[in-house]
1. What number of residues within the stretch 102-130 satisfy the criterion of being crowded, with 21+ Cβ neighbours inside 10 Å, within 19 Å of K82 (Cβ to Cβ) and of a type in the set (A, V, I, L, M, F, W, C)?
2. Could you tell me whether the stretch 9-19 includes any residue that is part of a loop (DSSP other than H, G, I, E, B), out of contact with any Asp or Glu (no Cβ under 7 Å at 6 or more places or on another chain) and more than 25 Å from I251 (Cα to Cα)?
3. Write out, first by first residue and then by second, each pair whose Cβ atoms fall under 6 Å of each other, whose residues are 6+ apart or on separate chains, and whose first residue, in the stretch 292-314, is at positive phi while the second is loosely packed, with under 13 Cβ neighbours inside 10 Å.
4. In the stretch 262-276, is there at least one residue being at negative phi, within 19 Å of the chain's Cα centre (by Cα), buried (at least 17 other Cβ atoms within 10 Å of the Cβ) and not in a helix (DSSP H, G or I)?
5. Could you say whether any residue in the stretch 16-36 is small (G, A, S), surrounded by fewer than 18 Cβ atoms within 10 Å (Cβ to Cβ) and in contact with a helix residue (DSSP H, G or I) (Cβ under 8 Å, 6 or more places away or on another chain)?
6. Looking at the stretch 188-226 only, could you name the residues that are closer than 17 Å to K171 by Cα and of a type in the set (S, T, Y)?
7. Return yes or no: is I287 β-branched (V, I, T), in the same structural domain as N346 (by TED's automatic domain parsing), under 11 Å from L343 (Cα atoms) and modelled with pLDDT under 95?
8. From the list G153, G202, G142, G186, exactly one residue is free of Cβ contacts under 8 Å to residues at least 24 places away in the same chain and at negative phi. Which is it?
Amino acid sequence: MRWILHCDLNNFFASVEMLKNPEYRKIPMAVSGDPNKRHGIILAKNQIAKKYGIYTPETVFSALRKCPNLVLVKPHYEEYVKYSNLVNDIYLKYTDKVERFSIDEAFLDVTESINIFGTPYKIAYKIKEEIKSRYGLTISVGISFNKSLAKLGSDLKKPDAITVLDYDNYKRKIYNLPVEMLIYVGKNTKEKLNKMGIKTIGQLALSNKYRIVKHLGKLGEQIYNYANGLDNERVKFYYEKEERKSVSKGITFESDIDNVVQIEREFSKLASRVSYLLRSIDMKASIIAISFKDNMFITSSRQKRVEYTNSYDKILNAVLELLNDNYINGTKIRYICVNASGLKGNNNDNIQLDLFNIYDNKNIANDKKSSAIKAMDKLKHKYGDKVDYCSALDFKNKT
């Protein structure tokens, strides 16, 4: 029998901020995006703010209506990463099968650890108490025989708690719960299940599997299995390389834009960032996609197949072609994204680094093109998204 833990740091962002500023423990406080920009949502809140009914991700405007004296704190991501790594170091003391699920969540397979550290509950308790004593953070732990039930278990009791769902008790403990408590059952899936008369996990578990699959496809089969305690997915080793399926970059504008040249310029920046990401992981993409959300929150997505590439100009050409074919002039845009998928490794083959071909500058030798790309990549590695390859539009405007 396998024993899986799901460890979830409680109110993580807010908890880290309270470590830095203990006075936040006495007042309603939330970590949020900039309320003056489009990122004005609640990212985390403390227990006092939770009593006002504040939830994540709620808009700052809505949260302030519930609690006018709510203190808003900007996020400090470098601190969250630091504490996440410190906590993961504690997990690794008990098993090398530690799979990060997010910055504040992880799965642990302790099946082979019980001979050394005791029962799964004892291991969970030792981990929980060490994190609390060393770093002042609390976690909720779910213990079960598979990942999906362990994840559900950690949600059942918060904060600073341990919940066990084993073969003997899991049906009794979860069958009356709302179906949306299952992992991967989001708002849309919940609504579809509710229309089918399925509102609890037990109703899903006892329903006709083929009916669920007919309405929800592969996801339907997956959540049906989860409801029935069927989940054989393994916990990956901590240092196991994750297979990337896609890379993407997006941006939400501070105010809607409808100027075609400006939209193209912003897409060119995202194309440069995606091409850099592909090269940084030594991959090429065969599918380039764009998406944009208008001021009515309607999202349009289009994609096209290309020869395997991580070249900026080829990705940019595909992006601009998709944009020109699908953007309706005058539409106000609030969000755009570029995605590259259908990935494969370079296998050490030579990459045609033809950055300047789009400028018809055929006199620049290939070695200079390669040097230009490498130089820009080094700058991007050091300074991040502050550095972008100039777009064809900018280059032409300057010439």
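1. 2
2. Yes, the stretch 9-19 contains at least one residue that is part of a loop (DSSP other than H, G, I, E, B), out of contact with any Asp or Glu (no Cβ under 7 Å at 6 or more places or on another chain) and more than 25 Å from I251 (Cα to Cα).
3. Correct list of pairs: empty, since none qualify.
4. No, that holds for no residue.
5. No, every residue in the stretch 16-36 fails to be small (G, A, S), surrounded by fewer than 18 Cβ atoms within 10 Å (Cβ to Cβ) and in contact with a helix residue (DSSP H, G or I) (Cβ under 8 Å, 6 or more places away or on another chain).
6. T200, S207, Y224, Y226
7. No.
8. Going through G153, G202, G142, G186 in turn, just one is free of Cβ contacts under 8 Å to residues at least 24 places away in the same chain and at negative phi: G186.
The values are calculated or read from the model by the stated rules, or taken from the named source; none is laboratory data. From a predicted model like this one, the values you see are computed outputs, not experimental measurements. Heads up, the Cβs are rebuilt from the backbone with ideal geometry, glycines too, and the neighbour counts pull from every protein chain shown.
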